[in-house]
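This report concerns only the one structure given below.
The values are calculated or read from the model by the stated rules, or taken from the named source; none is laboratory data. Because the structure is predicted, anything quoted here is derived from the model rather than measured. All Cβ positions, even for glycine, are placed from backbone atoms using ideal geometry, and neighbour counts span all protein chains on display. Side chains included, ligands, DNA and RNA excluded: accessible areas come from the protein's heavy atoms. Shrake-Rupley method; radii C 1.70, N 1.55, O 1.52, S 1.80 Å.
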Amino acid sequence: MGILEKISEIEKEIARTQKNKATEYHLGLLKAKLAKYRAQLLEPSKSASSKGEGFDVMKSGDARVALIGFPSVGKSTFLSLMTSTASEAASYEFTTLTCIPGVIEYKGANIQLLDLPGIIEGAAQGKGRGRQVIAVARTADVVIMMLDATKGEVQRSLLEKELESVGIRLNKHKPNIYFKPKKGGGISFNSTVTLTQCSEKLVQLILHEYKIFNAEVLFREDCSPDEFIDVIVGNRVYMPCLYVYNKIDQISMEEVDRLARKPNSVVISCGMKLNLDYLLEMLWEYLALTCIYTKKRGQRPDFSDAIILRKGASVEHVCHRIHRSLASQFKYALVWGTSTKYSPQRVGLTHTMEHEDVIQIVKK
């Protein structure tokens, strides 16, 4: 029996099993086995395969956004509208067969946008070019899930299922569980909260399934068995996702309003160029980027060339971005902007910068 058959058997068994107190251990074990087989499925085959066309694109710019969706939802049209890159768009499916990069220039930042080939059902098992598409998506900072507004609900649940099965967790945070395998001493289990979904016995069963017999486990929040398995496996990617419903010109106003009110969702029409500005604003928020401007002593700030950093970056991060030796020669910095109580404020390396602050660094 191959891995795909084993996965399908376990999925059927989980679907058949009623969820109650008596079956929670059985379900927990099945989920652990399922995660194990899926991990094996994603590992590249050991046999020397013929060299194919390169698929991944070198990371460039200040952030990376992956466009994921079923064939013919408008990904290539969106890339052509947003960037200067022309991606072939046609009314038939699978027009795009490889990864096409483009760059969005917005608020002084260069955002790399990757138009990935359409995902089909069963992509996680390698159908289409599913595995390669998903591998590239794992390297992105934000995922834009492009959906057809006329059949968005079906597409959304299928895509979420495909991404979930390969360890991409959308709009979720990492479970707050401390887990450390040890050389000996058995399994020590503790929790700082009341657990309603996991018990000590279930945790031990799952660990034994992974052949871990000595470990320290501390639950800091009430997590499910699935989240605990994610912590053990350790290769899960947690990333923000924007659900973009395209082709809103083909549905009623009531339906547009309903879709627009869903969390993490934006409605657009690439054909009629509707609401694209708002989508860019939302994307900027999800990327959590800040622009920092520099200033030389006695001169005006240089607003033409911003330093792009992640939200929460400190003066030290700015120093490293300018030159790696600057932090060691740092004396103090003068900062103008919303992160200060008064302008200019004299600050040290640990001061947190905010969007559109101006900084002047003084060396020793």
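Before I look further, what does the chain give for accessible area per residue, probe 1.4 Å, in whole square angstrom?
I get 53 Å² per residue for the chain.
With a 1.4 Å probe and every protein chain kept in, tell me what percent of the accessible surface of the chain is carbon plus sulfur.
Carbon-and-sulfur percentage of accessible area, whole number: 51.
How far is it, in nm, from the label point at Arg324 to the one at Glu354 when both lie 7 Å from their Cα along the line to the Cβ?
3.3 nm
Given the -39500 (n - 2.57) contribution per DSSP H run of 4+ residues, what per-residue ellipticity at 222 nm results for the chain, rounded to the nearest 500 deg cm²/dmol?
My calculation for the chain gives -9000 deg cm²/dmol from helical runs alone.
Rounded to the nearest 20 debye, what is the charge dipole size of the chain about its Cα centre when +1 sits on each Lys and Arg Cβ and -1 on each Asp and Glu Cβ?
Magnitude of the dipole: close to 1540 debye.
Okay, which of region 188-203 sit inside 13 Å, backbone N to the point 7 Å along the Cα-Cβ direction of Ser224?
197-198
Cross-link candidates for Lys311: which aspartates and glutamates have Cα within less than 15 Å, leaving aside residues fewer than 8 places away along the same chain?
Asp62, Asp141, Glu285, Glu354, Glu356, Asp357
Local charge sum around Ser191 (other residues, Cβ-Cβ under 10 Å, Lys/Arg +1, Asp/Glu -1)?
Summing Lys and Arg as +1 and Asp and Glu as -1 gives -2.
How much net charge surrounds Asp277 when only the other residues with a Cβ under 15 Å from the Cβ of Asp277 are counted, with Lys and Arg +1 and Asp and Glu -1?
Counting the neighbours of Asp277, the net charge comes to -1.
Determine, from the Cβ-Cβ distance of Arg346 and His173 and an R0 of 51 Å, the FRET efficiency 1/(1 + (r/R0)^6), rounded to the nearest 0.05.
My answer for the efficiency is 0.90.
Going through the DSSP H helices of the chain, which span 18 Å or more along their own axis at the Cα atoms while scoring at least -1.0 as a mean Kyte-Doolittle hydropathy?
Qualifying helices: 3-16, 24-42, 152-165.
How high is the relative contact order of region 289-363? Use alpha-carbon pairs under 8 Å, at least six apart in sequence, and give a whole percent.
Answer for region 289-363 is 39 percent.
Lys331: which lysines have alpha carbons under 18 Å from its alpha carbon, excluding same-chain residues fewer than 8 sequence positions away?
In chain and number order, the partners are Lys295, Lys296, Lys363, Lys364.
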